[in-house]
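Right, one structure below, let's go through it.
The values are calculated or read from the model by the stated rules, or taken from the named source; none is laboratory data. Because the structure is a prediction, the values reported are computed rather than measured. Cβ sites come from the backbone with ideal geometry, for glycine too, and all protein chains shown count toward neighbours. Note: accessible area is taken over every heavy atom of the protein model, side chains too, but ligands, DNA and RNA are not part of it. Shrake-Rupley method; radii C 1.70, N 1.55, O 1.52, S 1.80 Å.
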Amino acid sequence: MPLDQSFVGRSYPPTAPYEVGREKIREFAEAVGDANPAYTDPEAAKALGHPDVIAPPTFVFAIAFRAAGQVIEDPQLGLDYSRVVHGDQKFAYSRPVRAGDRLSVTSTIETIRSMAGNDIMDVRGEIRDEAGEHVVTTIIKLVARAAEEG
Amino acid sequence: MVAKVAYDAVEVGTELPAQSFPVTRETLVRYAGASGDFNPIHWNERFAKEVGLPDVIAHGMFTMAEAIRVVTDWAGDPGAVVDYGVRFTKPVVVPDDGAGAVIEVSAKVAQKLDDEARTVRVDLTATSGGQKVLGMSRAVVRLA
């Protein structure tokens, strides 16, 4: 049963703010082995023109993906998550995510396509700070592989 | 934002310093904790094999995080990255053999986009075990 095209354009309510912590950024930078001081040293980040430590470019994925759970788990959409793989990932930044940000995500189903029995869905996440300013847009492409003939 | 590379100093074809990133089971456990992605295909060999994978595989987002380091280390300021996208083409298989896997990343300037904004497009190539693991891997970077 292909996904219902009428869900294209559907937006979900903005998420409660996620507060970006310095130590969470440090933990992530250490986990990817990245010693860039802009992630851990506020003075180094300031020397680059940032008000506080910034997060590595892909840090924000976890926040966007959690928000996309509203789409993935929407019973009306009926996505079979056990068949889903992450196809593509994109980020478009207005500015880097930084410590102290309180980020809210609005998820929208951007496209739904059906190819060779696979459902391919792009979920866009518009991520804004507490002032409502745009920080980053994420596009998560999910591919639900065709169910096996049984 | 203060990238340490000048727009005028790069040309189409300029190569960024390539890097190799080792990945072991410990790396994946650590990344799972930091990212909150606890899918067992990234740490449980029995589960990974049950769902048809050759072995435990790295998080695609881990590979994506490593690949952009070639760009952020080159640019100096990670905030210079204004756009980044990849396609996950093949998994990075991480055996429990004491050695793990290695992700090899190279990159070059593919296009000078905007003389005013001083943005360039960088195309990345990421391989592991001789297989291309990312496709359509591109970043837009604002240079000095």
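Taking only the Cα atoms of segment B:32-113, the ratio Rg/Rh comes out at 1.04, with Rh defined as the Kirkwood radius. Among residues other than A:GLN89 with Cβ under 9 Å from its Cβ, the summed charge is +2 (Lys and Arg +1, Asp and Glu -1). Take B:THR127: with every protein chain present and a 1.4 Å probe, its accessible area is about 40 Å². Taking every protein chain into account, the 1.4 Å probe leaves B:GLU50 with about 130 Å² of accessible area, to the nearest ten. Taking R0 as 51 Å, what FRET efficiency do you get between B:GLN111 and B:LEU53 from their Cβ-Cβ distance, rounded to the nearest 0.05? E between B:GLN111 and B:LEU53, to the nearest 0.05, is 0.90.
Could you compute how fast segment A:32-94 diffuses translationally, taking Rh as the Kirkwood radius over C-alpha pairs and applying Stokes-Einstein at 4 °C with viscosity 1.567 mPa s? Give it in µm² per second. Once the numbers are plugged in, D ends up at 89 µm²/s. Return one number: the angle in degrees, 0 to 90 and rounded to the nearest 10, between the long axis of the Cα atoms of helix A:22-31 and the longest principal axis of the Cα atoms of chain A. Rounded to the nearest ten degrees, it is 70.
A Gaussian network model of chain B, with springs between Cα atoms under 10 Å, assigns the largest mean-square fluctuation among B:VAL29, B:VAL105, B:VAL51 to B:VAL51. Seen against the Cα atoms of chain A and their longest principal axis, helix A:61-72 is set at about 30 degrees.
Find the sum over both chains of the accessible area lost when B and A are paired, probe 1.4 Å, and report it in Å² to the nearest 100.
Working: alone 7730 and 8320 Å², together 13710 Å².
In total, chains B and A hide about 2300 Å² from solvent.
Which percent of the Cα-Cα distances in chain A go past 22 Å? Roughly 45 percent, once rounded to a whole number. Evaluating 6.51 cos²θ - 1.76 cosθ + 1.60 at θ = phi - 60° for every residue in segment B:107-116, the Karplus couplings come out as 7, 8, 6, 9, 6, 9, 8, 8, 5, 6 Hz, glycine and proline recorded as x.
Above 30 Å lies some portion of the pair distances; for the protein assembly as shown, what is it as a whole percent of all C-alpha pairs?
Tail of the P(r) past 30 Å holds 31 percent of the pairs.
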